[in-house]
Each structure stands twice: as C-alpha cells, then as structure tokens.
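The values are calculated or read from the model by the stated rules, or taken from the named source; none is laboratory data. Here the structure is a predicted model, which means the values were calculated and not measured. Positions of Cβ are backbone-derived with ideal geometry, glycine not excepted, and every protein chain shown enters the neighbour counts.
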Amino acid sequence: MKNEMILDFHLFEDGGAGEAASSSESSQDIEKIQYGKSAGDGQASSQVGSDNGNEADNLSAEWEALTGKGGKFHDMLGQRVSTAIQDRFRNQADLQAQVDSITNDLSPLFQNYGLNAGDFEGLKNAIANDDAFYQAGAEKAGLDIQHYKEMLKLKADSERLNKINEAYQKEQERQAKFQEWEADAAELQQAFPGFDLGLEIQNNEQFAQLIDNGVDVRTAFLTSHMDEILNGTKAYEQMTATQNVVNTIQKRASRPMEGALSHAPAIQRKTDPSSLSNEDLDEINRRVARGETISF
C-alpha cells in the first residue's frame, strides 16, 4: 500500500519523473546505487556552525532531562553521589580513629612534658630539647648526645627519602600500566563502542580486580561480561560496530579508484525520496535489515 501511494504522487510530477526512474533502473545494477545523504553533503556542512553553537545548550538540557527529578538516571546519580560522600566521610572517620589511638598511646609523654593531649608539634620540640631522652641511646652507640641526635636525624631523613623513591617508582609503574590499559581500551572500543574504561573500573569490581592482577583489558571485559554477551544484551554494541564497518565501506565505495577515473562509471546517489521506485524501496529495506543507516 505504501508503494502504491508513492507511485500516485509520481503521477503529479512534471515530465513523469517516476516513470523515467522506473524504466531507467532496469538497465543498471541497483546494488551499486548510494541512497541518502553522504557525510560530506553541503547541507550537513552548512549546519555544522549552528550545531556547534547549540551543542552546549543541548547537552545541558539532555543532562537535566536524564538526571533531574523524574529523569531516567535521577535516582542512580543521587545514589552515586551519596555513596561518594559516605566513602569520603568514612575515610575521614578512619583517619581520625587512627589519630585518636596514637594520641591515647602517647598520653604518658604528653603528661611528662606538661602538654595537652594531641599537641604533636610541642611534643616533637620537647623531645628534641631533652638530652636525658637520648642519654641511654648515645651511651650505647658510643657517641655524645649531639652526635647521636645527628645520627638519628640522618637515619630518619634516609628512611623518608627511601619512602619517597618507593612512592615515585610505584607511581611510574601505575602510569605505565594505565597507559597500557588505555591502549587496550581503544582497541576494544572498535568492537564495543560503548565501552568506557573509567566507568568499567568504577562499577565492575571483577573487571577491576582482573586488570589489576595483570589480565589484559579485553580478556577482563569479556570474562566479566560473558553471561551478558552470550545472552545477547550487547546487541547494541555489535550493531554499532557493524554500522561503523558499513560506513567505512560506503566511504571507500564513494571514492574512485586511483588510476581508474577515466574507466570507472560515476557512482549514482539518490537523495530525493520522491524519485525512488519500488525496486529502490526494496533495496533500501534489504540494506537497513543488514544494519545500514540511510537518511534523506
């Protein structure tokens, strides 16, 4: 019924355009016809400036629609923010518990020097100026008190420097590992365009543990999502990957082969829906079923 309506509209076109289109298609290979607008059409290019100008507003409105009250991700965002706040306060509470424990253990020293509990700066200065505190250690080391203090300071500085070096080495290793993860992630996105390394590490504990133990990103992703992949819930990513392949093939097909410009026939592109014949509509249906996106 849809095709009959299109043919009726063609009857009103000047010169019988529909009839001409129908008769001409019988003499050409319909599979070589490109349907719809290409990425480089002038109309699309002319819209780039206005699209860029409204992009920030559109993204802001979309964010509000998704995360605002009643939005699809409103509850999820609230829960995530709440969890982050709770984790932060939990870490602060743990740190404060450690400080309280140390303060309690050093209570005799604070009292010995007449200091308030928790006055660590005053305690440090009091000990540094208390020669009696170092007397036994200096005698055991065979040094006078001043040289013994200097020896202890050098040892403390050496330990602190070692810790700094260890932290630097660990940071370098962490950066190298993360760069390797990012390279693997970029490759994985070719097959699963929706993959996000940061979100996966944050929300998928199994994935995070696997890559932290040396498993490559692709293996960790497939392992942690095996059930979902087998059940077909990753169909969207596969469809998107298929579409990328189709787009690539289209771009290659639209470029004439080098050295064959004078021999290869010009590629025909149809961008006017009113000029489509029944054969065109059938071919478009077949291409869409294969995953191709066609827009006019």
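Working carefully through the options Glu180, Glu166, Glu150, Glu159, find the one that is in a helix (DSSP H, G or I) and either under 23 Å from the mean Cα position of the chain (by Cα) or in contact (Cβ under 8 Å) with a residue 12 or more places away in the chain (or both).
Result: Glu180 is the single residue among Glu180, Glu166, Glu150, Glu159 that is in a helix (DSSP H, G or I) and either under 23 Å from the mean Cα position of the chain (by Cα) or in contact (Cβ under 8 Å) with a residue 12 or more places away in the chain (or both).
Scanning the range 183-208 for residues that are part of a helix (DSSP H, G or I) and among the polar types (S, T, N, Q) returns Gln202, Asn203, Gln206.
Determine whether Lys140 is under 30 Å from Gln209 (Cα atoms) and either charged (D, E, K, R) or modelled with pLDDT under 90 (or both).
Working: under 30 Å from Gln209 (Cα atoms): no; either charged (D, E, K, R) or modelled with pLDDT under 90 (or both): yes.
Against the criterion (under 30 Å from Gln209 (Cα atoms) and either charged (D, E, K, R) or modelled with pLDDT under 90 (or both)), Lys140 does not qualify.
For the range 144-154, does any single residue satisfy the condition of being in contact with an Asp or Glu (Cβ under 8 Å, 6 or more places away or on another chain) and surrounded by 11 or more Cβ atoms within 10 Å (Cβ to Cβ)? The answer is yes, given that some residue of the range 144-154 is in contact with an Asp or Glu (Cβ under 8 Å, 6 or more places away or on another chain) and surrounded by 11 or more Cβ atoms within 10 Å (Cβ to Cβ).
Among the numbered conditions (1) at pLDDT 70 or above; (2) assigned to a loop (DSSP other than H, G, I, E, B); (3) surrounded by 12 or more Cβ atoms within 10 Å (Cβ to Cβ), the only one that Ser38 does not meet is (1).
Taking every residue in the range 214-230 that is within 15 Å of Ala183 (Cβ to Cβ) and among the aromatic types (Phe, Trp, Tyr) and pairing it with any residue that is at pLDDT 80 or above and surrounded by fewer than 15 Cβ atoms within 10 Å (Cβ to Cβ), at least 6 positions away or on another chain, yields no pair with a Cβ-Cβ distance below 6 Å.
Checked against the criteria, Phe195 counts as aromatic (Phe, Trp, Tyr) and at pLDDT below 85. Every condition in (1) over 29 Å from Asn203 (Cβ atoms); (2) part of a helix (DSSP H, G or I); (3) of a type outside the set (Gly, Ala, Ser) holds for Asp94 except the one numbered (1).
Out of curiosity, is Gly114 of a type outside the set (A, V, I, L, M) and not in a helix (DSSP H, G or I)? Considered against the rule, which asks whether it is of a type outside the set (A, V, I, L, M) and not in a helix (DSSP H, G or I), Gly114 comes out as yes.
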